[in-house]
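Working notes, structure below.
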């Protein structure tokens, strides 16, 4: 009689993927809670170990209408930095597509409102900022999550807008 080898159990790495419906429900709930509390809940300052939350108003790339999103961010000197992720889904988030078409935006922070201009970090700056996000040690910003996307996640720098004299 032939002896059979016991099947080898190959443990698959667990995907950090969160169901899309849950991501959307959290986004909608967050925005609703912000609206219901008149902005008293939903935004926060970042710290050395935690990302903050801001509310950004962009101009729609096709409609020209105001569009609002709540995003996680970190400070980098006078700049605000956020990854252009879409719940780690593959498509680019609409707010980032809007900023690529119309880089000027307004952000609401716990301490007030700022006019900003958006750009993508590149090269060493992108590497440094991504390392800072990953260094927070949260489940949101990891190389494993970034690998779920077919393209590199843009790191968006929101610089204070400088008004030019006419």
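The values are calculated or read from the model by the stated rules, or taken from the named source; none is laboratory data. Everything quoted here is computed from the prediction, not taken from an experiment. Ideal geometry is used to build each Cβ from the backbone, glycine not excepted, and the neighbour counts take in all protein chains shown.
Assorted remarks:
- Here is the figure for region 4-59: residues that are farther than 22 Å from residue 74 by Cβ, surrounded by 10 or more Cβ atoms within 10 Å (Cβ to Cβ) and at pLDDT below 90 total 14.
- Some residue of region 92-112 being at pLDDT below 95, under 14 Å from the mean Cα position of the chain (by Cα) and part of a loop (DSSP other than H, G, I, E, B): yes
- Selection count where residues are more than 16 Å from the chain's Cα centre (by Cα) and not in a helix (DSSP H, G or I), scope region 118-150: 2
- Single residue of 104, 111 found to be touching a strand residue (DSSP E or B) at 6+ places or on another chain (Cβ under 7 Å) and either over 22 Å from residue 139 (Cβ atoms) or without any contact (Cβ under 8 Å) to a residue 12 or more places away in the chain (or both): 104
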